[in-house]
Every structure is written in C-alpha cells, then in structure tokens.
Amino acid sequence: MADQIDRLRFQLRTLPPAPSIPAVDSVSARVEDLIGITTGVSAQIKHCLSDLMSGESAKAALQAYSNAVAPLGEALTELGRMHAEIAHYNFTTHPAHRGSPPNLELPRQEVNKTVSGCCEAADEILDVAAIELRDAAVKLMPSPSRLQPGTPGRALRAGSALPSLPPRASRRHAVTPHAAKSR
C-alpha cells in the first residue's frame with residue numbers, strides 16, 4: 001500500500017501546474033485511488049483484529065495501520081477540496097464569465113492557489129501515511145526469533161527492513177566447491 005501511495009503522490013505531481021487547471025476527471029481518478037488505498041488499510045485493520053492474528057506483532061501492526069488512517073483521511077479531505085474547487089470553477093464560474101476574460105482572471109488565480117496548496121498538503125500528508133504503512137509492514141514481518149533455527153540468511157540486517165539474501169550454497173542449482181569435487 002505504501003507503494004500505491006508513492007504512485008499516487010507521483011500522479012499528483014504530474015497534474016498540470018498553474019496557470020492550467022487540472023481536469024476534473026484526473027482529480028476524480030486520484031480521489032478514487034486514495035479511497036482504494038484507505039479501503040485496503042481498513043481491511044488490514046480488520047485482519048489484525050480478527051482471531052487469525054494474535055500477539056505483539058499483531059498489536060504493533062494494528063497500531064501502525066491505525067496511525068495511517070488519520071493521514072489518509074486528511075489527504076482525502078485535501079483532494080476533495082481540490083476536486084470541489086476545480087468543479088465549481090469549471091461548471092459555475094467559468095461559464096458565468098466566459099464572455100468577460102478579465103472577470104475570469106481573479107477566480108482562476110484563486111483556484112490555482114487552492115489547487116497548489118491542496119496538492120502540496122496532500123503530498124506531505126501522504127508521505128506520512130506511507131511511512132506509517134511501511135512501519136506496519138515491518139511490524140508484520142516475522143521476527144528472527146520465530147524463524148526456524150538453522151535457516152541461514154533469514155535474519156534482518158542491521159538498519160534494514162529487508163531480509164538478507166541466502167548464501168549461494170543454499171540456492172537451488174548452485175554448485176558448491178564440495179559438490180564440484182565429488183563429480
């Protein structure tokens with residue numbers, strides 16, 4: 001889900017900059033993307049609350065996912081505000097002043113200011129949500145103490161949330177020096 005947020009942030013940055021006003025369709029698509037992410041986080045919270053998960057890792061993941069809900073809601077508010085401003089401008093303000101471009105410049109500037117502010121705020125808020133979701137993913141990873149003893153290369157490296165690669169000898173189809181001598 002954090003990767004989905006990163007894609008959403010990228011898509012927000014590709015919206016046309018001022019003085020252009022983004023299309024309502026493109027903003028609607030970003031709102032729908034964010035709703036899908038928020039729904040996914042909600043499903044993860046339900047999963048953590050179910051009897052399938054128990055223990056400290058489930059509690060930690062539940063807390064991390066819950067921490068992501070507030071920023072997602074705030075980002076949805078910002079995108080909703082941006083969507084409403086653009087829709088109002090396109091369907092109310094612009095048609096009313098179509099024959100008088102000087103009267104349209106001030107509303108255009110106001111919409112651009114609102115859209116830029118909403119995009120920046122949503123980007124920052126979504127960054128916080130992505131951090132929370134990555135934290136949840138790390139907390140859901142099995143701890144080294146739960147791994148089977150003697151499983152090489154499965155412990156977490158210091159400072160990394162990614163498991164280390166297994167040694168070459170344990171990879172399938174790898175030829176060890178001992179196996180090469182016995183041939």
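The values are calculated or read from the model by the stated rules, or taken from the named source; none is laboratory data. Values in this document were obtained by computation on a predicted structure and should not be read as measured data. No Cβ is skipped: glycine too gets one built from the backbone with ideal geometry, and neighbour counts run over all protein chains shown. The protein model used for the area step is the full one, side chains on, heavy atoms only, and it has no ligands, DNA or RNA in it. Shrake-Rupley method; radii C 1.70, N 1.55, O 1.52, S 1.80 Å.
What number of residues within the stretch 39-71 satisfy the criterion of being surrounded by fewer than 13 Cβ atoms within 10 Å (Cβ to Cβ) and at pLDDT 80 or above?
4
Of the conditions (1) in contact (Cβ under 8 Å) with a residue 60 or more places away in the chain; (2) closer than 30 Å to ILE45 by Cβ; (3) of a type outside the set (Ser, Thr, Tyr), VAL111 satisfies every one except a single condition; which number is it?
So the condition that VAL111 fails would be (2).
Does ARG98 count as open to solvent by 80 Å² or more (accessible area, probe 1.4 Å), farther than 24 Å from LYS139 by Cα, basic (Lys, Arg) and not in a helix (DSSP H, G or I)?
yes
Of all residues in the stretch 1-16, count the ones that are more than 10 Å from ASP33 (Cβ to Cβ), touching a residue at least 60 places away in the same chain (Cβ under 8 Å) and of a type outside the set (Gly, Ala, Ser).
Summing the residues that are more than 10 Å from ASP33 (Cβ to Cβ), touching a residue at least 60 places away in the same chain (Cβ under 8 Å) and of a type outside the set (Gly, Ala, Ser) in the stretch 1-16 gives 5.
Report whether or not THR92 is modelled with pLDDT of 90 or more, among the polar types (S, T, N, Q) and open to solvent by less than 80 Å² (accessible area, probe 1.4 Å).
It is false that THR92 is modelled with pLDDT of 90 or more, among the polar types (S, T, N, Q) and open to solvent by less than 80 Å² (accessible area, probe 1.4 Å).
Return the total of residues in the stretch 78-128 being touching a Lys or Arg at 6+ places or on another chain (Cβ under 9 Å), more than 30 Å from TYR65 (Cα to Cα) and of a type in the set (S, T, N, Q).
1
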